[in-house]
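J.: First the structure, which I've put down as structure tokens, then a few questions once you've had a look.
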Ligand code: HEM
């Protein structure tokens, strides 16, 4: 008989009617559940009070507390496909309640125009973030996450003039040339080492090439070895994973149960700081040496004349004392690198899939390259500006396959704003779903067809900024439009041109027929990653 068992009838009766003594673990669990229940009740009361009397856009009826969260989670569909389907029922502006978050989703050109252009000032802010993302954005001290205001204006102005303007872009021709040469030789080597001597994984190579350019532009350190770059890239990928969406983003009372995730996120942040700080300090040392000695002594293969970091070291932000801290420098540098890497690389993968799928597109591109440049030297970005078919191809690519299906989430600057006659409270997430705009049959002829010809003279127009009317906005539109638009399109055109100049591309015999199915990773990528067969062309460089 164990010590816990009752020995008398009286003890047995007492044991049957009173609960057994609680262990510490049980007590903690009970306390956590009670707190969660209380937090849920408070959340419901707060929600009811906050939204009473408002006329939100229509949407599927939800359950108390969780709203539509479980309907979305258990729909068996990707979120992007779920939204496409809901649109058919609820129209171009709809509401989804995801736990404590209210999502207002826009999916037509008219309402997007109202939100981003006509009422651009009212909807130019960003919503509050969860604690993990606040760590990686240094409390919203980045261009993309800052709320609308003086801080955002200073950071954005600096990024555009310091890095993304047309003149700055031109200055970084050497970074692009180096990265493109490395890109082509990596693919040649990968093909040569593959079993059939001709296989290349497109996304992986494209991603690495863009990453190299952005790393050069951010730190201006030109002598980083390939292993070092691969390490920095791996850390940046871990950061993207750490800031992914979690259940407690929508149900904050579950946060205590996610303490392990939080601890891991902090470790990843430490790793990010430990990886980027040495690069920041090396650049600082180069700048110090430059100011104390003759810059003619400097090796041009070690340091670029200018980097994005240089502009941040002296940056004065409206309404703040001093220059950014080391922690903030890490965040701001990471933002430039992350903003342009996956978006651009994803576009390249879809673009090469279209080229592989349609030999006449490849033939047109190659013909144009031969006509303008030939085989004697590599294409550069001044050449690509003068290639109308290539430019039309890039536009069609971004129309048919926008790398992100949602713009970054917007928020109203204050309560009281309306869209399409509905209320949009300041704490709602305002998301713009891009593919239904660029495939709207009211705006486009044969919208589902991939056809670059549509943009050639006399054909359809594409103003990607949306200022002359919204038809396709892969970079968003209005005040928060992507500041990397020129850089992104330059990189896509250049990479496609170099790939077509260096190789003849075809479908890989081991791969299923191309179905252009999409899936969401950090961006919207091909469901089956593109493995292509390449045949090197004879070039004299
Ligand atoms: C094909 C390439 C790219 C695509 C498709 C793309 C797309 C987008 C989109 C849809 C937005 C959200 C706009 C909005 O909130 O309404 C955005 C914002 C942003 N992008 Fe890009 N982007 C690309 C390349 C780049 C590059 C190369 C950089 C920088 C190196 C960059 C940096 C940013 C930043 C900082 C923001 C936030 C702007 C703000 O909040 O004021 N992007 N981008």
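No lab work stands behind these numbers, since they all come straight from the coordinates. Because the structure is predicted, anything quoted here is derived from the model rather than measured. Positions of Cβ are generated from backbone atoms using ideal geometry, with glycine treated the same way; all protein chains shown enter the neighbour counts.
J.: If we count other beta carbons within 10 Å of each Cβ, what is the order of 479, 260, 50, fewest first?
T.: 260, 50, 479
J.: Now for a different question. Sorted by mean Cβ packing within 10 Å, highest first, what order do the peptides 96-107, 374-385, 188-199 take?
T.: With the highest mean Cβ count within 10 Å placed first, the list reads 96-107, 374-385, 188-199.
J.: Sticking with this one: Quick one: helix 388-400 against the long Cα principal axis of the chain, what's the angle to the nearest 10°, folded into 0 to 90?
T.: Around 10 degrees separate the two axes.
J.: May I pose another question? So what is the calculated 222 nm ellipticity per residue for the chain, using -39500 (n - 2.57) for each DSSP H run with n of 4 or more, over all residues, to the nearest 500 deg cm²/dmol?
T.: That calculation yields -15500 deg cm²/dmol at 222 nm.
J.: Could you calculate the contour length gain from residue 73 to residue 263, that is, 0.36 nm times the residue separation minus the distance between their Cα atoms, to one decimal place in nm?
T.: Length gained between residue 73 and residue 263: 65.9 nm.
J.: Let me ask you something else. If I model a spin label as a point 7 Å beyond the Cα along the Cα-Cβ vector, how far apart are those points for residue 204 and residue 377 in nm?
T.: If labels sit at residue 204 and residue 377, their model points lie 3.4 nm apart.
J.: OK, next. What is the distance in Å between the Cα centroid of region 204-251 and that of region 48-121?
T.: Between the Cα centres of region 204-251 and region 48-121 lies a distance of 32 Å.
J.: On C-alpha positions alone, give me the angle between the axis of helix 173-193 and the longest principal axis of the chain, in degrees, nearest 10.
T.: 80 degrees
J.: Quick one: angle between helix 79-90 and the longest Cα principal axis of the chain, in degrees between 0 and 90, rounded to 10, please.
T.: So the helix axis and the longest Cα principal axis differ by about 80 degrees.
J.: Using only Cα atoms, locate the centre of region 443-469 and the centre of region 486-541, then give the distance between them in Å, rounded to an integer.
T.: Between the Cα centre of region 443-469 and that of region 486-541, the gap is 22 Å.
J.: Further, regarding this structure: What is the chain's relative contact order, in percent, from Cα pairs under 8 angstrom and six or more apart in sequence?
T.: Rounded, it is 21 percent for the chain.
J.: Which ordering of 439, 349, 122 is given by a fewest-first count of other beta-carbon atoms within 10 Å?
T.: Least crowded to most crowded, the residues run 439, 122, 349.
J.: Ok, one more. Please work out the ratio of the alpha-carbon Rg of the chain to 2.2 N^0.38 Å and round it to two decimals.
T.: 1.11
J.: Shifting gears a bit: In terms of the Cα gyration tensor, with a ≥ b ≥ c the square roots of its eigenvalues, is region 275-351 rounded because a/c is under 1.5, prolate because a/b exceeds b/c, or oblate?
T.: Oblate, since a/c reaches 1.5 and b/c is not below a/b.
J.: R0 = 56 Å: FRET efficiency of residue 196 with residue 289, Cβ-based, nearest 0.05?
T.: That gives a FRET efficiency of 0.65.
J.: Same structure, new question: Take residue 418 and residue 486, extend 7 Å from each Cα along the Cα→Cβ direction, and tell me the distance between the two endpoints in nm.
T.: In this crude label model, residue 418 to residue 486 measures out at 3.9 nm.
J.: Further, regarding this structure: Going by C-beta contacts inside 10 Å, put 129, 318 in order with the fewest on the left.
T.: 318, 129
J.: Take the Cβ-Cβ distance between residue 321 and residue 228 as r, set R0 to 41 Å, and report the resulting FRET efficiency rounded to the nearest 0.05.
T.: Once the sixth-power term is evaluated, E becomes 0.75.
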